[in-house]
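A quick write-up on the structure given underneath.
The values are calculated or read from the model by the stated rules, or taken from the named source; none is laboratory data. In this text, all values refer to a predicted model and were calculated from it rather than measured experimentally. Backbone-built Cβ (ideal geometry, glycine too); neighbour counts: all protein chains shown.
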Amino acid sequence: MQNFSELGLSPALLRAIGDLGFENPTPIQEKAIPAILSESQDIIALAQTGTGKTAAFGLPIIEQIDAQNDNVQAIILCPTRELGVQIAKDLESFAKYIAPLKITAVYGGADITKQIKALKSGTHIVVGTPGRVIDLLKRGVLKINNIQWLVLDEADEMLNMGFKDDIDTILAATPAERQTLLFSATLPQEIMRIAEEYMHQPLEISVGKRNEGAANVEHEYYMVHAKDRYEALKRIADINPKIYGIVFCRTRQETKDIAEKLIQDGYNADALHGDLSQAQRDYVMNRFRTRLLQILVATDVAARGLDVNDLTHVINYNLPDELEVYIHRSGRTGRAGKSGTSIAIIHMRELHKIQRLEKLLRKNFSRERVPTGKEICEKQLFNLVDKVENIEVNQTQIEQFLPAIYKKLSWLSREELIQHFVSVEFNRFLDYYKNATDLNVNTDRKSSRFEEDRFENKSGKKDIQRERGRRGKMAYTRFYINVGHKNNLSVPKLIGLINDRTQNRDINIGKIDIMKKFAFFEIDSRYESEVNRAFKNARFEGVDLMVEISKPEPTTPSYAKTKKMVEGNFDDFEWDKYSSSDNKKKRSKKKKR
């Protein structure tokens, strides 16, 4: 491994990074710094969160900045305010011995007049979020027509947040001869399209395989019934008394609910979501960074750009719809060479997602059993004993109180004193878990991916009402939708369509079958009427949607064989015979019209 002095950096930069305690470059720094210094070629750098990407692009850019020229020479785009502020602080630390180099962070949620003043006074490097950068461009305050470097940091996150049009606008305002540096944790197809559209023969630098998670993160999952998710979360927190982590939820409301429950149950927790003002957000984040909070409950959008080290756990209360997002979540622990654990709490119908994640990450996920009450009590007891044993005693401060305390407790024997002391903290765990049930789901049956029970009435026919996609204890209703592969429908798009139309991400979605011209999907039967209402007057890719209840998928051998034979051309199959009679009537009326 090289050291920083061998990478071609100036003494001023070496002195600054020495003050920061940096000795040897990380793998991405070792590869990227010399390439940016010696090449004018565009670069795609693939590296996980927490691997030192800011220094990888920041040090060589600072090295080449002309500090005597007050024009903006480099612009760094990032997805969130927090990340922008952090990057700007890091760059200022690197450049502290290079006067008069100036760095300005521009972002929404803050006073724009101060940012305008900083830009007008002259700055060399601008770090900004796309929205605020465009605002400043329109005002004519930010000039980037002569920049030499354009950095897209966390490029995949910016695309996930819908910034593609903003990026297009910004790139159009930059000179064609700029050097574009794209840094990303994953390389989805959207990133590759940006590279093809905006970059010229980019050099690809990688310190890991595409879409691979951090090497020092362990991946675990717990399988429970959906109704037991919160109880499972509590037990995971209790079995890890020193936990310092983030719990990811899908929706703002779920984030609020889970955080409130944790607070009521005595945990040092709080929520981070889009409904918070910037002042509230800063307050929560400051408490979390200083470890006054042990658990932060957040949505993906709210947590983007967070830069917090030493997290022990990332817990997926719900798996994300886009599995690549899991890579970003898990990358928030196990940073800077430290180990961490990424946990997913799933129900049986999500097991296939774990299998897909294993393929995506090229890593095995270990299934863990939700701890029992006895195991938690034992862990908490010994954690308490360790705290007592290792506590630092300030003899001077407590000495004046000890005689009275000794006298007060003199009637207790040594054993009794220990028992009383331990019980003060420990009784609440004993009381709570004394009748704790086993939350683990039994998956020893033939099909753990789509477990279902079939019922027959006395006549030997399937009971449609009971069989409506019934799996485990949850009943599912099967729906037909009149778009398919031909209309660019995919599983993620269909899930997103359901979430957007219903405005409810808590609805359990079951099996999905997408054909050429139509598709079937299953929904928790409790939300049957809600789905019917949500899709009225809906459109997708220019098509008026028709969504209606279908019969459950037949399980006869002839049906399965026919389906297999016509898979890929299933729209020609006579699916009407497997739909409800009411729906047949609706379609026959439409044909007559």
**Residue in segment 63-92 that is farthest from A279 (Cα to Cα), counting only those that are small (G, A, S) and either assigned to a loop (DSSP other than H, G, I, E, B) or modelled with pLDDT under 90 (or both)** = A67
**Prompt:** Out of curiosity, is L311 among the aliphatic types (A, V, I, L, M) and either surrounded by fewer than 16 Cβ atoms within 10 Å (Cβ to Cβ) or more than 19 Å from Q86 (Cα to Cα) (or both)?
**Reply:** no
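This table checks each residue for (1) more than 30 Å from the chain's Cα centre (by Cα); (2) farther than 30 Å from R193 by Cβ; (3) of a type outside the set (V, I, T).
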residue	(1), (2), (3)
G18	yes, yes, yes
Q64	yes, no, yes
G84	no, no, yes
L91	no, no, yes
G109	no, no, yes
**Asked** Could you give every pair whose Cβ atoms fall below 6 Å, whose first residue belongs to segment 351-370 and is acidic (D, E), and whose second residue is part of a strand (DSSP E or B), counting only separations of at least 6 or pairs across chains?
**Response** E368/E220; E368/Y222
**Close pairs from segment 12-30: first farther than 22 Å from V207 by Cβ and surrounded by fewer than 20 Cβ atoms within 10 Å (Cβ to Cβ), partner at pLDDT below 90 and not acidic (D, E), Cβ under 7 Å, at least 6 apart** = A12/I98; L14/F4; L14/S5
**Message:** With the requirement that a residue be touching a helix residue (DSSP H, G or I) at 6+ places or on another chain (Cβ under 6 Å) and of a type outside the set (A, V, I, L, M, F, W, C), what does segment 511-529 give you?
**Reply:** K516, K517
**Message:** I need every pair where a residue in segment 59-78 that is under 10 Å from L101 (Cβ atoms) has its Cβ under 7 Å from the Cβ of a residue that is of a type in the set (D, E, K, R) and surrounded by 14 or more Cβ atoms within 10 Å (Cβ to Cβ), sequence separation at least 6 or different chains.
**Reply:** none
**Complete:** Within segment 38-62, of all residues that are part of a helix (DSSP H, G or I) and among the β-branched types (V, I, T), the one farthest from the chain's Cα centre (by Cα) is I62
**Request:** Evaluate segment 112-126: report whether one residue or more is within 24 Å of E30 (Cα to Cα), touching an Asp or Glu at 6+ places or on another chain (Cβ under 9 Å) and aliphatic (A, V, I, L, M).
**Result:** no
**Prompt:** In segment 490-524, which residues are part of a strand (DSSP E or B), β-branched (V, I, T) and over 19 Å from Y317 (Cα atoms)?
**Reply:** I512, I514, I523
**Request:** Consider L13 carefully, then state whether it is within 20 Å of P100 (Cβ to Cβ) and either assigned to a loop (DSSP other than H, G, I, E, B) or within 30 Å of the chain's Cα centre (by Cα) (or both).
**Result:** no
**Asked** How about segment 514-537: which of its residues are in contact (Cβ under 8 Å) with a residue 40 or more places away in the chain and among the aliphatic types (A, V, I, L, M)?
**Response** M515, I523, V531
**Request:** Filter segment 482-498 down to residues that are within 24 Å of E254 (Cα to Cα) and crowded, with 18+ Cβ neighbours inside 10 Å, then give me how many there are.
**Result:** 3
**Prompt:** What are the residues in segment 169-189 that are surrounded by 13 or more Cβ atoms within 10 Å (Cβ to Cβ) and either among the charged types (D, E, K, R) or not assigned by TED's automatic domain parsing to the domain that holds P27 (or both), if any?
**Reply:** R178
**Request:** Looking for whichever is assigned by TED's automatic domain parsing to the domain that holds T129, buried (at least 22 other Cβ atoms within 10 Å of the Cβ) and over 26 Å from G334 (Cβ atoms) here; the options are I116, I87, I103. Which one fits?
**Result:** I103
**Asked** Within segment 326-340, is there a residue that is within 15 Å of the chain's Cα centre (by Cα) and of a type in the set (A, V, I, L, M, F, W, C)?
**Response** yes
**Message:** Take the residues in segment 199-217 that are crowded, with 17+ Cβ neighbours inside 10 Å and at pLDDT 80 or above; name whichever of them is nearest to P27 (Cα to Cα).
**Reply:** I205
**Asked** Just wondering, is there one or more residues in segment 497-519 that are among the aromatic types (F, W, Y) and either in contact with a Lys or Arg (Cβ under 8 Å, 6 or more places away or on another chain) or modelled with pLDDT under 90 (or both)?
**Response** no
**Prompt:** farther than 17 Å from V308 by Cα and in contact with a Gly (Cβ under 6 Å, 6 or more places away or on another chain): does that describe Q64?
**Reply:** no
